[in-house]
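Colleague: Sending over a structure as structure tokens; questions will come in a sec.
The values are calculated or read from the model by the stated rules, or taken from the named source; none is laboratory data. As the structure is a prediction and not an experimental result, all values here were calculated from the model. A quick note on method: Cβ atoms are made from the backbone with ideal geometry, for glycine too, and the neighbour counts reach across all protein chains shown. All accessible areas refer to the heavy atoms of the entire protein, side chains included, with ligands and DNA or RNA removed. Shrake-Rupley method; radii C 1.70, N 1.55, O 1.52, S 1.80 Å.
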Amino acid sequence: MAKNSVSLSVIRRLPRYHRFLKELLATGTVRISSKDLARKMRLSASQIRQDLNCFGGFGQQGYGYNVEALYQEISHILGLDQQRTAILLGAGNLGKAISQHMDFSSRGFTLVGVFDNNPALIGQQVGELTILDSKEIDVFCKAHGPSVAILCIPKDAAIEVADKLIGLGIRGFWNFSHYDLLLDHQGIVVENVHLGDSLSTLCCRLNRLEED
Ligand code: NAI
């Protein structure tokens, strides 16, 4: 199957496969059947086979999956063996937390620059990086060529900067601003993240449980 014909829902399940396989590796598991993997992940065995078949299978009838091989394959599909460079905009509460606590390198990224437009923050240290003035973004992008921008800025600012960043070579947005970036540009991908949506989903599920 062509790589770009793989559905987004399959792609969204891959990090979870990766996480479970990593845990299996840590416990010394050498192989696992799709049935056992399905039980652990609370998916169906046929779902697992279907998902992994999108990328060429990896399993063997009667053997199951070699955990290490599957883990490596999924790491490769996720692009974890590459190191893309990312910049972060908005070094407020969220931006600082993400800059300092996110394990970028294990996910195939290196955070190379953190920017803000608040003079009180410019020059402060976040982890190993110094917060830079967002006016320097143009020059910085030309020099370092980051491909991803992490947006931890307010909604209005996100709308304003997205096009500019595309012009500077940004191809992927990890967007935390409370605005769904729906960029209509070819070759640009966006992941809009709303922690609040997850909390609302929890609330809704609790309500339904209590109603039963
Ligand atoms: P904050 O106010 O602490 O930080 C925002 C930072 O963005 C400030 O330091 C500000 O100076 C900077 N900024 C504003 N415009 C800018 C621009 N054009 N260029 C560079 N920097 C700029 O806010 P906080 O708590 O860090 O949240 C950041 C954003 O993320 C907010 O819009 C908030 O609503 C949103 N948020 C989203 C969550 C999610 O799950 N998606 C969760 C929590 C917050």
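Colleague: Search the range 180-212 for residues being in contact with a strand residue (DSSP E or B) (Cβ under 8 Å, 6 or more places away or on another chain) and part of a loop (DSSP other than H, G, I, E, B), and hand back the single one that is least open to solvent (accessible area, probe 1.4 Å). Before the answer, list the steps.
Modeller: Residues of the range 180-212 that are in contact with a strand residue (DSSP E or B) (Cβ under 8 Å, 6 or more places away or on another chain), as a first pass: 180-183, 188-193.
Retained after the next criterion (residues that are part of a loop (DSSP other than H, G, I, E, B)): 180-183, 188, 193.
Numbers: D180: 76, L181: 7, L182: 146, L183: 42, I188: 24, V193: 36 Å².
By that ranking, first place goes to L181.
Colleague: Only one of N175, N192 is among the polar types (S, T, N, Q), under 21 Å from G95 (Cα atoms) and out of contact with any helix residue (DSSP H, G or I) (no Cβ under 9 Å at 6 or more places or on another chain). Can you tell me which?
Modeller: The match here is N192.
Colleague: Now, a different point. Taking the criterion of being loosely packed, with under 14 Cβ neighbours inside 10 Å and either small (G, A, S) or touching a Gly at 6+ places or on another chain (Cβ under 7 Å) (or both), would at least one residue in the range 10-24 satisfy it?
Modeller: No, the conditions are met nowhere in the range 10-24.
Colleague: Given the criterion farther than 19 Å from I77 by Cα and open to solvent by less than 20 Å² (accessible area, probe 1.4 Å), identify the matching residue among I48, I32.
Modeller: Being farther than 19 Å from I77 by Cα and open to solvent by less than 20 Å² (accessible area, probe 1.4 Å) holds for just one of I48, I32, which is I32.
Colleague: Could you figure out which of (1) part of a loop (DSSP other than H, G, I, E, B); (2) among the polar types (S, T, N, Q); (3) more than 8 Å from the ligand (Cβ to nearest atom) isn't true of S177?
Modeller: Failing condition for S177: (3).
Colleague: So which residues in the range 58-79 are surrounded by 13 or more Cβ atoms within 10 Å (Cβ to Cβ) and either modelled with pLDDT under 90 or within 26 Å of G172 (Cβ to Cβ) (or both)?
Modeller: Within the range 58-79, F58, G59, G64, Y65, L70, Y71, Q72, E73, I74, S75, I77, L78 meet the criteria.
Residue-wise test of (1) surrounded by 14 or more Cβ atoms within 10 Å (Cβ to Cβ); (2) of a type outside the set (F, W, Y); (3) free of Cβ contacts under 8 Å to residues at least 12 places away in the same chain; (4) within 10 Å of the ligand (Cβ to nearest atom).
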position	(1), (2), (3), (4)
T85	yes, yes, no, no
G92	no, yes, no, yes
V112	yes, yes, no, no
F115	yes, no, no, yes
E128	no, yes, yes, no
E136	no, yes, no, no
